[in-house]
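These notes are about the structure you will find just below.
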Amino acid sequence: MSTIPPKTLNPRSKTANHSASVAKKAASKKNSPPKDKAPEDYRPTIWENMTPSQKTEVESLAQEYRQFLTEAKTERTTLAKVLSWAKDAGLTDLAKSGPAPGGGYLVHHGKLLGLAIPGAKNDEGFNLIVTHGDAPRLDLKPRCLYESGGLGFFKSNLYGGLKKFQWLARPLAMWGFCVLKDGREVTFRYGEDENDPVLTITDLLPHLDSRVQRDKKLVDAFPAERLNALLASRPFGQPNDKNRLKKTVTDFLLSRWGLTEDDLISSEIELVPAGPAKEVGLDASLIGGYGQDDRLSTFVAAKAILEVKKPAKPLLLIVFDREEIGSYGSTGAETNFITRLAAAALTKTAKGTDWLTMTETLAKSQAISADVEAAFDPTFKEVHDELNAARLGYGPCLTRYTGGAGKYGASEARAEYMAKIRRVFDEAQIAWQSSLLGKQEYGGGGTVALSLAYHGVSVVDCGAPLLSMHSPFEIASKADLWMAKKALKAFLSNA
Ligand SMILES: [Zn+2]
């Protein structure tokens, strides 16, 4: 949740008409800066410098990414995808005994994943990337099934920072991971298949909403306790039977997945926007879908680290969970997972280690907290400091600090480290931009960078810009996706 600035806007351009005429001139003279601007002001988008073979690369990566987004809508399914790629690349389980010369993986509680790739030299620290696999959504409450007014419902609980009204009156799917008392696990998706019915959360018709919604402040107009998913309207049993709609649902759960109502207590069932990720725009230059914060970074980071051959330094990738709720919990960044992974990596893929060596190695390490940034949205331009606002199509963003007003709660990268990353990106011809999150005192955000900083690791936030962040349909640029992968690969190989 951080914002990004490019140096695209000419400070001389005071009016909107001015920049519009500049763009038209630029389009007509492909890649040539408009005559009346100093050359260094004009910065082409990534698209303008792309070769035909690069365009093919961009489209195939985007296609693969859309499939990933469509098939991994929860933190568990995201982890399972990345883990399958790691196994295909020959990485072995670091929790198992024996060396792992080809690299290894470490999984914690099924929702936190670490990958380790050995390097030629181990005394200069790791190059590591951290992302997160969780995204804002609605979780079913442990006791969630009820009926009212002749309808059956599931009660939900917010997870993370989302805009509640965006989740109303739209198709929702149910992605579940349930564990029965005997330990059997039941995993299901409902509402994604073409022929699957979906769920939805109803909203009030405008004819009658004035007192309940329209006259209220947005924060009060959509109480979280109203976000309940509609499940059933056809009663089973006899007219004088009680809870006939609940029975409809419990019969379905039992017959379909062998689940009882009590089994929902030991379940993680997430309501997410139903349907596949899509291409967006008449030019199909954009990708729209749920959970791009931060599955975009997880996708490109996993692809990048598994493509780097014989790195100079040992590499780590951590896909954390719980980032959207402050990284608390056994699978979040506020744990000792990084030290466990570092120790396992140094022990299994290198010459062994002790506590001092491991903590010193971490303190010498360099990291990119790969998280998406807020892109400049001209529809809401007043919330952005245009000199520091990100633009779609100009590449991944370096965000020196996030946090709130006065840099409260920020992990800020020091000048030496920023200079190093700039050099690494420029030498690899990465198109990148610098970033800050919106105007001061307009809000704030954070990433897992803070948790890494605890170990003395040099860390900076870097990621692709998004429009409509945290909505059920976030927007990213195919060009930024492609360049973000190249940027992370350059960092892992050359930093
Ligand atoms: Zn994020």
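Annotations
- Taking the inverse of the mean 1/r over every pair of distinct Cα atoms in segment 137-273 gives a Kirkwood hydrodynamic radius of 16.0 Å.
- With R₀ set to 56 Å, the beta-carbon distance separating Arg256 from Ala363 gives a calculated FRET efficiency near 0.60.
- Among Gly403, Leu259, Leu492 - extreme Cα towards positive end, dipole of the chain, charges at beta-carbon: Leu492
- Added length on full extension, which subtracts the Cα-Cα distance from 0.36 nm per residue, Tyr146 to Ser97: 12.8 nm
- Taking all protein chains as shown and a probe of 1.4 angstrom, Lys247 keeps an accessible surface of around 90 Å².
- A simple packing score, the average count of other Cβ atoms within 10 Å per residue, orders the peptides 418-430, 46-58 as 418-430, 46-58, with the highest score first.
- Relative contact order of the chain: 25 percent, from C-alpha pairs under 8 Å at least 6 residues apart in sequence.
- The distance separating the Cα centre of segment 328-388 from that of segment 449-495 comes to 11 Å.
- Modelled FRET efficiency - R0 45 Å, Lys121 with Val219, Cβ distances, 0.05 increments: 0.25
- Listed peptides 165-172, 136-143 appear in the order 136-143, 165-172 once ranked by packing, highest mean of other Cβ atoms within 10 Å at the front.
- Taking a sphere under 10 Å around the Cβ of Leu162 and counting the other residues whose Cβ falls inside, with K and R at +1 and D and E at -1, yields a net charge of +2.
- A full extension of the chain between Glu382 and Arg414 corresponds to an added length of 8.6 nm, given 0.36 nm per residue minus the alpha carbon distance.
- Eligible aspartates and glutamates near Lys348 by straight Cα distance, threshold 18 Å, same-chain separation 8 or greater: Asp93, Asp123, Glu124, Glu360
- Gain upon complete extension [Val186, Phe165; 0.36 nm per residue less C-alpha separation]: 4.5 nm
- Shape category assigned to segment 392-495 from the gyration tensor of Cα positions, a/c cut at 1.5: oblate
- Under the shape rule built on the C-alpha gyration tensor, where the axes satisfy a ≥ b ≥ c, the chain is oblate, since a/c reaches at least 1.5 while a/b does not exceed b/c.
The values are calculated or read from the model by the stated rules, or taken from the named source; none is laboratory data. What you see is a predicted model, and the numbers here were worked out from it, not measured in a lab. Neighbour counts are summed over all protein chains in view; Cβ atoms, including those assigned to glycine, are modelled from backbone coordinates with ideal geometry. Side chains included, ligands, DNA and RNA excluded: accessible areas come from the protein's heavy atoms. Shrake-Rupley method; radii C 1.70, N 1.55, O 1.52, S 1.80 Å.
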